[in-house]
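Asks: I'd like to ask some things about the structure below.
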Amino acid sequence: MSVIIKGMKMPEKCTACGYFYYEPLLGIQRCKLTNLFIEGYSGDFPKSCPLVELPEHHGRLIDADEMKNLWTGCSINGSISPLLDARPTVIEAE
């Protein structure tokens with residue numbers, strides 16, 4: 001299960017993240033969230049980064065699948081489902 005931290009801003013880069021750890025004596029870079037070593041760090045976020053930025057000024061985040069389930073069997077379901085499916089996914093389902 002994921003956790004959203006309200007008010008937290010997405011770091012500009014990996015090294016500015018509070019979860020980035022560098023051990024200078026060993027030359028090790030590691031993510032404290034994933035506990036993975038970050039090899040060949042280039043400045044971009046590694047593919048293993050679990051942080052996801054929410055779009056600015058987004059609306060309410062609802063469970064579209066649950067909404068479609070409520071309309072199952074109704075005549076309006078045929079027209080509402082494609083509309084919901086066409087909207088961008090803000091957070092992937094878990």
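We did not get these values from a lab; they are worked out from the coordinates using the rules stated. On a predicted model such as this, the values are computed, not experimentally measured, just so you know.
Asks: Can you return the lysines within cross-link range of Lys13? Criterion is Cα-Cα under 24 Å, with same-chain partners fewer than 8 residues away left out.
Replies: Lys32, Lys47
Asks: Calculated from DSSP H runs of 4 or more alone, at -39500 (n - 2.57) each and per residue, what is the 222 nm mean residue ellipticity of the chain, nearest 500? Walk me through the numbers on the way to the answer.
Replies: Working: 2 runs with 17 residues, N = 94.
The helix contribution divided over the chain gives -5000 deg cm²/dmol.
Asks: Quick one: angle between helix 77-86 and the longest Cα principal axis of the chain, in degrees between 0 and 90, rounded to 10, please.
Replies: Once rounded, one gets 20 degrees.
Asks: Could you state the principal axis extents of the C-alpha atoms in the chain, from the largest down, to the nearest angstrom?
Replies: Ordered largest first, the chain gives principal extents of 66, 24, 21 Å.
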